[in-house]
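Peer 1: Encoded as structure tokens, here's the structure I'll be asking about.
The values are calculated or read from the model by the stated rules, or taken from the named source; none is laboratory data. None of the values given here were measured: they were computed from a predicted structure. As a convention, Cβ positions derive from the backbone with ideal geometry for all residues, glycine included, and neighbour counts pool all protein chains shown. Areas reflect the complete protein model, heavy atoms only, side chains present, ligands, DNA and RNA absent. Shrake-Rupley method; radii C 1.70, N 1.55, O 1.52, S 1.80 Å.
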Amino acid sequence: MRKEEVKTNKKKVNRKNLIIYVAFCFIVMYLIYAVYLLVRQPINKVTVEKGTLYLEETNIGYIIRNEQVVKGNNYKNGMEQIKVEGEKTAKGDSIYRYYSKNEETLKTQIAELDSQIQEALKGQSGLFSSDIKLLENQLDEKIEVLSKITDISKMLEYNKQINDLITKKAKLSGESSAAGSYLKQLYGQRTKLEEQLNSGAEYISAPISGIVSYKVDGLEETLTPNNFSTISKEFLESLKLKTGQLIATNDECGKIIDSSKCYIATISNSEQARVAEIDKKVQIRLSNNKMIDAKIAYVSQENEEEMLIILEIDKQIGELANYRKISFDLIWWSSTGLKVPNQAIVEENGLKYVVRNRAGYLSKILVKVKKENEKYAIVSNYNTDELKELGFTNGQINSMRRIMIYDELVLNPDLSKVE
């Protein structure tokens, strides 16, 4: 009896597995058939969305700047930046300085004197009045801050303040006393060392106002905006520059870049380039995806197919100082509005239409194509005056349907099947 029950249970399990297997096969076959139908008869509808359309091309550009290199006589001594990379400066401001020959030795001696002055002040702290004690505290603070300062202008300012405080302390304690005369002697030594330090250093000032840069590549007098007619494809290629390569920081000199504008020279064989005109407004998209307004400053035909175009920009000038040759997108135009595929647009009697599907009911809608590229178009509705100019009557205008965002359009429509 038990054996018969076991056999019965096994049959039930096998039958259940068979049902599951058959169901699984049906599901797989249905999915395969659905994919086949999708491929054989692709979806022929699309939803109207709001978007932006671009007509653009990716080009290689050479950065042209109005820039002036500044270099002093003591460039072999090494330099210290006063104005940092990318900082704006006024004409005549100190931008960097060259070290004096014995600068490290002099700085070490000055630091030792500062320590001696502090020790002298601590040793005499119990002998002086409250006024002198206040001067001591101020001197301690100034000397401590001075040891951490690297900015030359601030260093000179603190040196003067320390000088004034020590002079006051020497007078209060009595210049003839041991404390006063010792402090005066230390300060005298320090002053002489400072004079040697400052007289040996060479400060470089900005000859013009602009952006400070230490990215000097030797092309500052070659790629200039002074004469665009000297620039050509052959000339640019002869520079043998690498696209996107960073200009190395120079440790002997710096330069000032005109902060108002710079230029990008590029070679293009597009249809838009062949009909480009000076002062035409375009846009540039850099590798960091930043969009910059630009205009065409110069156009020259290189050969039957290619044009030299020089673009003028007034943004990102400091950032572009890091490069001489870049990859960028030249955007000839952009348009924002209702974006539809070109496949949804048909022409009849010189006018453009789309076919809207609303719950299975098809309507022909007149649209104005504002801009289009190879795949998409930006469309809008005609206004009343425009429709009258096209010859439509008031009755026709009042009954006209309008295209709207989220409308469902038919791709490759057949107008003969639409009311």
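Peer 1: From the mean inverse distance of alpha carbon pairs (Kirkwood) and the Cα radius of gyration, derive Rg over Rh for the stretch 248-305.
Peer 2: Looking at the stretch 248-305, the ratio lands at 1.08.
Peer 1: Sticking with this one: Once you list every other residue whose beta carbon is under 10 Å from the beta carbon of residue 96, what net charge do they have if Lys and Arg are +1 and Asp and Glu are -1?
Peer 2: Around residue 96, the charge tally is 0.
Peer 1: Dividing the alpha-carbon radius of gyration of the stretch 184-296 by 2.2 N^0.38 Å (N being the number of residues), what value is obtained?
Peer 2: Compactness ratio reported: 1.69.
Peer 1: Across the stretch 244-356, how large is the tail of the calculated P(r) beyond 23 Å, expressed as a percent of all Cα pairs?
Peer 2: 48
Peer 1: Still on this model: Can you tell which of 336, 363, 313 lies farthest toward the positive end of the dipole of the stretch 305-377, using +1 and -1 charges on the Cβ of basic and acidic side chains (Lys, Arg; Asp, Glu)?
Peer 2: The Cα lying farthest towards the positive end belongs to 363.
Peer 1: Taking only the alpha-carbon positions of the stretch 302-374 and ignoring solvent, what does the Debye formula give for the base-10 log of I(q)/I(0) at q = 0.23 Å⁻¹?
Peer 2: -1.16
Peer 1: Please report, as a whole percent, how much of the solvent-accessible surface of the stretch 273-315 comes from carbon and sulfur atoms (probe radius 1.4 Å).
Peer 2: 40
Peer 1: Among the listed pairs 101/325; 261/370; 242/371; 290/371; 233/280; 255/295, give every one whose C-alpha distance is greater than 28 Å.
Peer 2: 101/325; 261/370; 242/371
Peer 1: If 291, 29, 307 are ordered by their accessible area, calculated over protein heavy atoms with a 1.4 Å probe, which sequence runs from highest to lowest?
Peer 2: Descending order: 29, 291, 307.
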